[in-house]
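The block underneath contains the structure these notes are about, expressed in structure tokens.
The values are calculated or read from the model by the stated rules, or taken from the named source; none is laboratory data. Everything quoted here is computed from the prediction, not taken from an experiment. Positions of Cβ are generated from backbone atoms using ideal geometry, with glycine treated the same way; all protein chains shown enter the neighbour counts. Note: accessible area is taken over every heavy atom of the protein model, side chains too, but ligands, DNA and RNA are not part of it. Shrake-Rupley method; radii C 1.70, N 1.55, O 1.52, S 1.80 Å.
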Amino acid sequence: MAELTVSGATHPILKDDYASEWMGIEVLALDDGHATIRMTLRQEMLNGFGMAHGGMIFAFGDTAFALACNPANPQPGAAGMNTDNITVAAGVDINFLKPAFRGQVLTAVANRRASTGRSGLYDIQIYAADPGAGIPAAAPAGAAPAATLPGQLPTDTATDAPTWELIAEFRGRSRTISKK
């Protein structure tokens, strides 16, 4: 299995993640509490209406969520970073705002909003664009995507036209548990 990498480093939770590999997910950015990923919609990811299957959009957002919740290089003894623990979904909500279609490139931007004890709250925005539109600007951990405010889309600076469409909002609630 080919491992998904960012800047030459492999994220440990992707080592045996055959679903993310099959989906063709590429990791663009990782930071504590943040992840940005991308994939291209293929024909086998579509539903009977010719648009992205909701399960594909959900799985894509879930991968961004998992990457933002789990450190790429956990340090033993660091606060909340015990190598015997993993962070998993305790619950999620997704709102599908617009359809996406074959050949479009999806980008998910995940950011931690809050963390208390073993629980966390994450927001993931999923954008779609035709190939060649570039990538929505990744934000520092805890910030909204650059050049956007909630409800706004990244724009082409020459024409001020949206280059990406927000197609889904995913909110995840995490829980850190022992992996034993």
Q: Please specify each residue of the stretch 44-66 satisfying the condition of being under 24 Å from T87 (Cα atoms) and polar (S, T, N, Q).
A: T63
Q: Please verify whether the stretch 43-56 includes one or more residues that are surrounded by fewer than 16 Cβ atoms within 10 Å (Cβ to Cβ), polar (S, T, N, Q) and at pLDDT 95 or above.
A: yes
Q) Quick check, is P131 at pLDDT below 95, under 21 Å from W22 (Cβ atoms) and part of a loop (DSSP other than H, G, I, E, B)? A) yes
Q) In the stretch 106-127, is there at least one residue being within 25 Å of G24 (Cβ to Cβ), aliphatic (A, V, I, L, M), surrounded by 12 or more Cβ atoms within 10 Å (Cβ to Cβ) and at pLDDT below 95? A) no
Q: Inspect the stretch 94-104 for any residue being open to solvent by less than 80 Å² (accessible area, probe 1.4 Å), closer than 23 Å to K15 by Cβ and either at pLDDT 95 or above or of a type outside the set (D, E, K, R) (or both) and give the result as yes or no.
A: no
Q) What single numbered condition from (1) modelled with pLDDT of 90 or more; (2) acidic (D, E); (3) touching a strand residue (DSSP E or B) at 6+ places or on another chain (Cβ under 8 Å) fails to hold for D84? A) (1)
